[in-house]
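This report concerns only the one structure given below.
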Amino acid sequence: MNSRKTVLLMGNANVGKSTVFNEITGSHQHTGNWIGKTVDMARGSYYYKYTDYEIIDLPGTYSLLSFGNEEKIARDYLCFEDYDCVVCVVDCTNLRRNLGLVLQVLEVTDRIVLLLNLADEAKKKNITINEKLLSERLNIPVVTATAKSGKGINRLLEKIHLVCNDFHPESAYKTQYSGVLEYAVFQVEQGVERTIRTDKSSRFFAIRLLENDSSMCASFKDHFGENILSLSPLKEKLDDGKKALETYGISTEDFSTSIAKRLSNAVADISQSVVFSLPSKKEKRDKILDKLLLGKYTSLIFMILLLSFVLWLTIIGSSYPSQLLQTLFSNAETSLAEVMQGLGISEWVIDLTVFGILKVLLWVVAVMLPPMAVFFPLFSLLEELGILPRIAFNLDGAFEKCGACGKQALTTCMGYGCNAVGVTGCRIIDSPRERLVAVITNSLTPCNGRFPLLIAVISMFFTKNSVASAFILLLMLALSMSMTFLTSKILTKTVLKGQKGMLVLELPPFRKPNFIKVLGDTVREKILLVLLRAIIASAPAGLIIWLAANINVGSQSLLCTVADFLDPIGNFIGLDGVMVLAFILGLPANEIVIPVALMAYLSSGAIGDYSSLDSLKEILVLNGWTLKTAICTCVFSMFHFPCSTTILTIFKETKSVKWTLLSIVVPLLTGITLCTAISIIF
Amino acid sequence: MRLSDMREHQSALITKIEDNSLNGRRLCDLGFIQGQRVKCTNIAMLGTPIAYEIQGAKIALRKTDARGIIVLP
């Protein structure tokens, strides 16, 4: 009895599948209101009643008639892999929409436990489900649970144990089709049973073969051999079935539609008999909220306010901790240098390690960590609340006009936090073509690393009034948004031509988020990861910058020599050589652009702090900065090559050198064009 | 009348799915099936996408995708 059992977790997106997974395995994994969190299948294990269990969290699926990549993965796993039990997780508050998948899974296997999750939300909405009746009708074990608080999980484990050890009812519910449809299905079922060896029910295969489902036929051939469909008796039986349908004048499409209709009728029938509901206050509240959030005019105001608020909170909330960290780190560096001196380590080694590498590294941490720690939890909070899909809804019209997907609005928003995270987020877009558009255009959105520069330049050269500078910042974001639209349009008209993908956007009910969990998840999954990558990238950059500043060529440092060399190019695009060099050296992290520029202007050997914005402005003006330089610096900082972390991420996601290069060239070209134009006009 | 032509807050019954492509089938899976009640709840700024209430859930579709469904108000 001690052999390892395998359990699959299946269900629609947004039903708390991952929460169930975490609750059972105790491992942590992100769960979200947004589709596509579990692209890579999560696996975990647990021990129950002297048995080892492996549990696999399949991607969120609406249906086994797969369309998206993830749905295909889930379907193929269910149809062709070995397992002992499937747990179908459904949302209590919306049994009707979730039950279709359950009936489809029942056509593949009898080994099912049905988990009615989110029981607490159902209770709030005055919805009750007769668990016992549902279990009797489907003839499978049914468990009501609230996975968030662990309620019902023990019963679930017990039922899984029973099913895995064959203590389950013999024949679970199967949707019966009418007349000739059932006859045709039956014929093919027999053909499948006699031709291939599988412990799954042949019913699902039979229906898909009769439907001529191309994606299923392909997977079928993959698993059972290229010529499986011409093997006898499957071939004969399949012909028999098709002939029977033909005799009655039923085309393949008619067959598909009838099957889908029958399934939906069965769903309606079953759910009507087991669900009792009364209207609730929450629905009314949701309706009013949606009126505001999705209204024709209110939505625009709402989105601008929300974006301003999030950015404002990020900037305000991070400025003090950033300063604190900087002071702390700089004191630490000084004391570390003193200790090293005391140990008799030579001066230049201390200079290189402490004031070269460590200083840049700590600088990046100090300016990067606080904004991320504010922005990403806020973003996740909006996700949990259910606001993000609504933003995608509002912006999709514009994205459609550019041939892109509305979900790109979300990846763009993630880009405000960090482009690398935004690029990873593009996984939520189903169509590969539209996903590439989103990946390539993501770096056109200024990330947290570039905001400090933008804000500093605005308050130094444009206006000191905080409201006015916020307005200028919003204008700049509008510019970046329009460039995103423009380049998306150009891309889909040229290199990424193709058919428009379908957009299905679920607008989930508003949910109250769990603050502590949101904070924990984002720290673990986004912040630490990005920070780690930034540290890895900035240490070598620190070394290079220090070397460039301290190796002398002739009378001046290498840094200044290169800057002089780059001066003509810089002047052409409205900058100067130092700024161009600073952007190039800022490749690992955009945060170090200003400090590097300062280093070059002052010809100092280490990255220096500036005491105030006024003194910084003085230095810049002394080195020939004008209003034009300021504007061009802002524009170029919004549109240049992505940082090294983002480039790595793009390559990881696209697995293509060509698209990675394009993602570097597109924003760079945008920036050079705009800056040249500005520099000519001025 | 087509699903895409519905006014905001209008309810209707689905009478036919014209779209027989993969997209049409996907709509079926989402609950857009003959005989179902559907309500148009919100239309976005540019006229697309459009949010529908179907089988208790809110699903937004692009206007072009919603054209393949015939409804009776």
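Some observations on this one:
- For the range A:59-93, taking the residues that are in contact (Cβ under 8 Å) with a residue 60 or more places away in the chain and of a type in the set (S, T, N, Q), the one that is farthest from the other protein chains (Cβ to nearest Cβ) is identified as A:ASN69.
- A:GLY406 passes every criterion in (1) assigned to a loop (DSSP other than H, G, I, E, B); (2) surrounded by fewer than 21 Cβ atoms within 10 Å (Cβ to Cβ); (3) modelled with pLDDT under 85 apart from (2).
- Residues located in the range A:140-156, provided they are buried (at least 17 other Cβ atoms within 10 Å of the Cβ) and not charged (D, E, K, R): A:ILE140, A:PRO141, A:VAL142, A:VAL143, A:THR144, A:ALA145, A:THR146, A:ALA147, A:GLY152, A:ILE153, A:LEU156
- Which numbered condition A:ASN154 fails, given (1) in contact with a strand residue (DSSP E or B) (Cβ under 7 Å, 6 or more places away or on another chain); (2) free of Cβ contacts under 8 Å to residues at least 60 places away in the same chain: (1)
- Selection within the range B:18-37 - more than 12 Å from B:TYR52 (Cβ to Cβ) and at the interface with chain A (Cβ under 7 Å from one of its Cβ atoms): B:ASN20, B:LEU22, B:ASN23, B:ARG25, B:ARG26, B:CYS28, B:ASP29, B:ILE33, B:GLN34
- Top-ranked residue in the range B:39-73 [being in contact (Cβ under 8 Å) with a residue 24 or more places away in the chain and of a type in the set (Ser, Thr, Tyr); ranked as surrounded by the fewest Cβ atoms within 10 Å (Cβ to Cβ)]: B:THR64
- The residue of the range A:272-293 that is nearest to the other protein chains (Cβ to nearest Cβ), among those that are assigned to a helix (DSSP H, G or I) and over 27 Å from B:ILE50 (Cα atoms), is A:GLN272.
- Of all residues in the range A:94-130, those being more than 12 Å from chain B (Cβ to nearest Cβ), in contact (Cβ under 8 Å) with a residue 60 or more places away in the chain and assigned to a helix (DSSP H, G or I) number 6.
- Residue in the range B:1-17 that is nearest to the other protein chains (Cβ to nearest Cβ), counting only those that are buried (at least 17 other Cβ atoms within 10 Å of the Cβ) and hydrophobic (A, V, I, L, M, F, W, C): B:ILE17
- Test: residue in the range B:41-51 that is assigned to a strand (DSSP E or B), closer than 15 Å to B:PRO73 by Cα, more than 10 Å from chain A (Cβ to nearest Cβ) and not charged (D, E, K, R): no
- Count of residues meeting criterion [of a type in the set (S, T, N, Q), more than 26 Å from B:LEU27 (Cα to Cα) and under 31 Å from the mean Cα position of the chain (by Cα)] in the range A:98-145: 1
- Inside the range A:194-245, residues that are in a loop (DSSP other than H, G, I, E, B), in contact with a Ser or Thr (Cβ under 9 Å, 6 or more places away or on another chain) and among the charged types (D, E, K, R) make up a count of 3.
- Selection within the range B:19-38: residues that are exposed (fewer than 13 other Cβ atoms within 10 Å of the Cβ) and assigned to a loop (DSSP other than H, G, I, E, B). The member of this set that is modelled with the lowest pLDDT is B:SER21.
The values are calculated or read from the model by the stated rules, or taken from the named source; none is laboratory data. Small disclaimer: the values here were computed from a predicted structure and weren't measured. Ideal geometry is used to build each Cβ from the backbone, glycine not excepted, and the neighbour counts take in all protein chains shown.
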